[in-house]
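Take a look at the structure below.
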Amino acid sequence: MTSDNDGNDKHETIRRAKQELRKRIRRAMKELNDQDVQEQSSKVWQRVFQLPVYQSAQTVGVFLSMPHGEINTDGLIADCVQRGKTLYVPEVGKNFEHCDMELRKVELDEDPDPQFHKKWPTNKWNIPEPPGDMPVLAAQPGELDLVIMPGLAFDRSRNRLGQGKGYYDRFLARMKSSDKTLPLVAVALSPQLVEDVSIPVAEYDQPMDMVVLPDEVIGSLEA
């Protein structure tokens, strides 16, 4: 029988290990210049575009990238628009202190701009978010065909290390559906793959179905 103290000690050990790994990966990401990020991002998207699960998905949850420190999602957004996919994007807005997030449906014009998000307001992290005049249509369980997942680091078991706020952990827990599996395809740049250690995981951490990197794809997923 495990005592409460043993459980608390385990959680604290995992928390500290995650924090140390975050520091390490953030240092490595700072070594990439803008050209490195753009070149690696393009390679990742070319791999994503070839995935059957992406090609067949009609409703896709995507993230809008930060100005620095992660893969650039502009190419993904443009491709989704050109293919006529329905997009859902994160909104944190005033809920950032509660670490709560929704994925909101993007309402586009008949002749949509592939870079529509460049005109949107930005949040405290300078990430674009849906404008206030766009209808509030949040994704519901069973509604999404695919989620393209961000992350700070990944390992070869497809475990994910986030930024530490738990936005996606809570979102994915709400998205569980009894009649439809939600495919999770993570995307990352080369320094974000951890080779020498396994990412520490807690009971609420959900592994990815696939991790797409510039030079390889880890995992597989049927469309």
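All of the numbers you see were taken from the coordinates with simple rules; none came from a lab. Note that the coordinates shown come from a computational prediction; the quantities given were computed from them, not determined experimentally. In this analysis, Cβ positions are derived from the backbone assuming ideal geometry, glycine residues included, and neighbour counts consider all displayed protein chains.
The length gained on full extension between Asp179 and Asn126, counted as 0.36 nm times the residue separation minus their Cα-Cα distance, comes to 15.4 nm. Kirkwood Rh over alpha-carbon pairs of the chain, then Stokes-Einstein at 4 °C and 1.567 mPa s: what D in µm² s⁻¹, rounded to an integer? Result for D is 71 µm²/s. Between Met66 and Val136, full extension at 0.36 nm per residue minus the direct alpha carbon distance yields a gain of 22.9 nm.
Cβ crowding within 10 Å ranks Asp215, Asp133, Asp205 as Asp133, Asp215, Asp205, fewest other Cβ atoms first.
Once the chain from Ser56 to Asp111 is taken as fully extended at 0.36 nm per residue, the excess over their C-alpha distance is 17.6 nm. A straight Cα-to-Cα reach below 13 Å connects Lys176 with the aspartates and glutamates Glu143, Asp145, residues fewer than 8 places away in its own chain not being considered. Put the Cα centre of segment 167-223 next to the Cα centre of segment 12-42 and the gap is 16 Å. Other residues whose C-beta falls under 12 angstrom from the C-beta of Ser42 contribute a net charge of -2, scoring Lys and Arg +1 and Asp and Glu -1. Dipole magnitude for the chain: computed about the Cα centre from +1 point charges on Lys and Arg Cβ and -1 point charges on Asp and Glu Cβ, it is near 460 debye.
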